[in-house]
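Working notes, structure below.
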Amino acid sequence: MKVNGVDIRSEYTGVLEVFIDALDQAQRGERQGGAGQDFEAQPLCEIARRLGSDFCLGQAVHKVYDARVIRRSRGPQAAVDELLGAIRCLAAGVIILREEHFEELSAESGAGAGRSEGVQGHEGAENRRSTHLPWVLADTEKSRKGEKDD
C-alpha cells in the first residue's frame, strides 16, 4: 500500500493504525475546542502561530506526563487517549514548523516542505491533504477485520 508516495510495509500497519486513531481524535476536535474546524484553524495551531512551534512540543510533553498519572487514576484507555493527543500536538508542531521555515525546508528538499506538493503555509492547507487517505482507512479497516484485498 502507498500513501503520498510512501510505501507502507505490512510490518508497520500497527503504527499506521495509531496515526489513524490520532487523526480520528484530531478530526473530532472535541478535546481541544476545535470541533467542526479545520485542524490548522483549531486553537492549538493558532496559539502556536503566535508563540512558535515549540508551544506544540511543550503541549505534547505535558500530555505524555499526564498519561502516566491518568493511567493510574482513569485506566489505560484514558492514557491511550492522552498519548494520541500528544501525537496530535506533535503533528501541529510539524505543521507550524513547516509554515515558519517554508523557504528553508523547500530549498533543502527541492520539492517543498512536506511530502505533499504545493505547501504554502496556512493558506495552502487544502493542498496538503492527501487524496489517498480514504483508501488507507479502508485498507486499515480490512486488515483489522482480517479481510484481504480483492
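In table form, for the structure just shown:
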quantity	calculated
Lone unmet requirement of (1) closer than 19 Å to Asp21 by Cβ; (2) surrounded by fewer than 17 Cβ atoms within 10 Å (Cβ to Cβ); (3) among the hydrophobic types (A, V, I, L, M, F, W, C) for Cys89	(2)
Sole residue being over 28 Å from Ile8 (Cβ atoms), surrounded by 13 or more Cβ atoms within 10 Å (Cβ to Cβ) and aromatic (Phe, Trp, Tyr), chosen from Phe55, Phe39, Phe102	Phe55
Test: residue in the stretch 57-79 that is assigned to a loop (DSSP other than H, G, I, E, B) and in contact with a Leu (Cβ under 8 Å, 6 or more places away or on another chain)	no
Among the candidates Glu82, Glu40, residue that is among the charged types (D, E, K, R), within 20 Å of Ile20 (Cβ to Cβ), part of a helix (DSSP H, G or I) and modelled with pLDDT of 95 or more	Glu82
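The values are calculated or read from the model by the stated rules, or taken from the named source; none is laboratory data. Since this is a predicted model, take the numbers as computed values, not measurements. FYI the Cβ positions are ideal-geometry reconstructions off the backbone, even for glycines, and counts take in every protein chain you see.
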